Amino acid sequence: MSTEFKALLVEQPEKKVFTRTVVTRSIDDLPEGELVVKVHYSSLNFKDALSAVGNPGVTRNFPHTPGIDAAGEVVSCADGSFQPGDKVIVTSYDLGMETDGGFGQMIRVPSKWALKLPEGLSLKESMMLGTAGLTAALSVQELVENGVTPDKGSVLVTGATGGVGSLAVAILAKIGFKVTAVTGKLEETDYLQSIGAERVIDRETLLKGNERPMLKPTWAGVVDCVGGDMLAATIKSTQVDGVVTCCGLVASIDIPINVFPFILRGVRLIGIDSAECPMERRTRVWQRLASEWKLDNLVGMVDEVTLAGVEEKVQLMLKGSLKRRGLVNLLDS
Ligand SMILES: NC(=O)c1ccc[n+]([C@@H]2O[C@H](COP(=O)([O-])OP(=O)(O)OC[C@H]3O[C@@H](n4cnc5c(N)ncnc54)[C@H](OP(=O)(O)O)[C@@H]3O)[C@@H](O)[C@H]2O)c1
């Protein structure tokens with residue numbers, strides 16, 4: 001097998017200047033690791049967009065290939081935990097951050113970062129979900145495990161047209177929840193309804209009255225993907241004993257909140273960290289995504305690109321105006 005492959009390479013020719021080009025790399029350029037995988041598909045996540053433009057919160061060392069997600073076939077595994085030809089998913093840990101990632105046709109990683117593709121999902125479907133799907137599913141899992149049930153009322157999802165948000169809407173609808181989607185793109189209402197939202201509201205509607213310490217108790221549960229004022233407004237408008245999950249920071253890293261929702265309504269705020277999620281929980285969630293939570297509308301939720309098409313998606317994502325999740329096809333790149 002050739003040791004050369006195509007990859008998106010981010011370079012830093014001078015301070016604060018980052019370039020992105022599709023180049024030929026060699027396996028010898030990759031970091032050490034037991035597991036070599038021929039990547040078939042990856043997907044574009046917000047972290048990848050940050051890494052691609054040199055955000056030091058994600059990646060400090062360049063040249064670098066981003067891509068926190070990869071699915072493909074095992075080429076070799078030095079510790080025997082996988083066999084050549086096994087289909088595997090590798091997401092997060094350090095992949096695509098300081099470790100060259102899935103926007104390359106080969107990755108070399110520690111074998112403990114990989115899990116076998118669950119039965120019921122293809123490699124392509126697994127990357128239509130990717131880290132966004134895993135994060136959405138971990139968020140839904142927290143709601144379910146903490147007693148949020150469809151009969152208790154509507155579940156709110158913020159950043160609803162985004163990767164995590166749209167997959168959370170679809171999974172919640174699939175398992176019988178009434179979902180209210182919050183979006184900055186009301187023109188996407190038909191799309192959000194097509195993936196399962198019962199109601200679609202704009203950000204201003206959610207934020208109305210947010211200067212007050214508490215808002216009308218409305219949501220049985222919340223999947224928040226944005227942080228900031230919107231997360232504060234969702235916490236203030238969650239019902240007694242409701243659950244709010246928090247995974248994202250696109251609006252802000254701060255939460256301007258007071259203690260009333262917690263001490264007067266028993267609202268629970270739960271953080272979601274897909275990157276360091278233990279392998280046992282990760283495997284269980286992927287199995288659910290391949291079976292009872294399997295989405296039949298995934299194709300319409302993604303836009304497939306080759307490596308050459310990643311740049312345009314990165315720019316749209318950083319502006320908050322990306323409309324469909326980016327599926328990256330490495331086989332055709
Ligand atoms: N904790 C974890 O394990 C984990 C895993 C994956 C992602 N994340 C984080 O989750 C967030 C979402 O990731 P993603 O991949 O879904 O990103 P994404 O596809 O870019 O989606 C983010 C969505 O948030 C909304 N949004 C953008 N800017 C906003 C703003 N200033 N105020 C309010 N809403 C805004 C937009 O949706 P609308 O236009 O529909 O409102 C946008 O589509 C990111 O912060 C990411 O870093 C965390």
Scoring only Lys, Arg, Asp and Glu (+1, +1, -1, -1) among other residues with Cβ under 15 Å from the Cβ of residue 68 yields -3
Karplus ³J(HN,Hα) for the stretch 113-120 (6.51 cos²θ - 1.76 cosθ + 1.60, θ = phi - 60°; Hz, whole; x = Gly/Pro) runs 7, 9, 10, 5, 4, x, 4, x
Ordering 122-134, 45-57, 4-16 by per-residue average of other C-beta atoms within 10 angstrom, highest first, gives 122-134, 45-57, 4-16
Once amide hydrogens are built 1.01 Å from N within the peptide plane, the residues lying 5 or more places from residue 196 or on another chain with amide H under 5 Å from its amide H are none
Taking protein heavy atoms only, a 1.4 Å probe, and rounding to whole percent, the accessible area of the stretch 196-323 owed to carbon and sulfur comes out at 55 percent
Phi angles of the stretch 67-82, converted by Karplus (6.51 cos²θ - 1.76 cosθ + 1.60, θ = phi - 60°) into ³J(HN,Hα) in whole Hz with x for Gly and Pro, give x, 7, 10, 7, 9, x, 10, 5, 8, 7, 9, 5, 9, x, 6, 9
A student applying the Cα gyration tensor rule (rounded when a/c is under 1.5; otherwise prolate if a/b is larger than b/c, oblate if not) would label the stretch 124-193 oblate
Out of 297, 263, 283 - ranked by how far each Cα lies towards the positive end of the dipole of the stretch 234-301, with unit charges on the beta-carbon of charged residues - the top one is 263
Whole-percent carbon and sulfur contribution to the accessible surface of the stretch 1-91 (1.4 Å, no ligands, DNA or RNA) stands at 48 percent
Between residue 241 and residues 5 or more places away or on another chain, the pairs with built amide H atoms under 5 Å apart involve 266, 267
Mean accessible area per residue over the chain (1.4 angstrom probe, all protein chains present, square angstrom) is 42 Å²
If each part is reduced to its alpha-carbon centroid, the stretch 271-333 and the stretch 71-125 end up apart, in Å, by 15 Å
What helix-only [θ] at 222 nm does the chain give? Using -39500 (n - 2.57) per DSSP H run of at least 4, over all residues, to the nearest 500, the answer is -8000 deg cm²/dmol
Protection proxy (average C-beta count within 10 Å per residue), highest first, orders 160-173, 74-87 as 160-173, 74-87
For residue 41, the residues 5 or more places away or on another chain with a placed amide H closer than 5 Å to its own amide H are 71, 330
Residue by residue through the stretch 202-211, the couplings from Karplus 6.51 cos²θ - 1.76 cosθ + 1.60 with θ = phi - 60°, in Hz, x for Gly and Pro, are 8, 4, 4, 4, 5, 7, 4, x, 5, 6
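The values are calculated or read from the model by the stated rules, or taken from the named source; none is laboratory data. In this text, all values refer to a predicted model and were calculated from it rather than measured experimentally. FYI the Cβ positions are ideal-geometry reconstructions off the backbone, even for glycines, and counts take in every protein chain you see. Heads up: the accessible areas ignore ligands, DNA and RNA and are worked out on the full protein's heavy atoms, side chains in. Shrake-Rupley method; radii C 1.70, N 1.55, O 1.52, S 1.80 Å.
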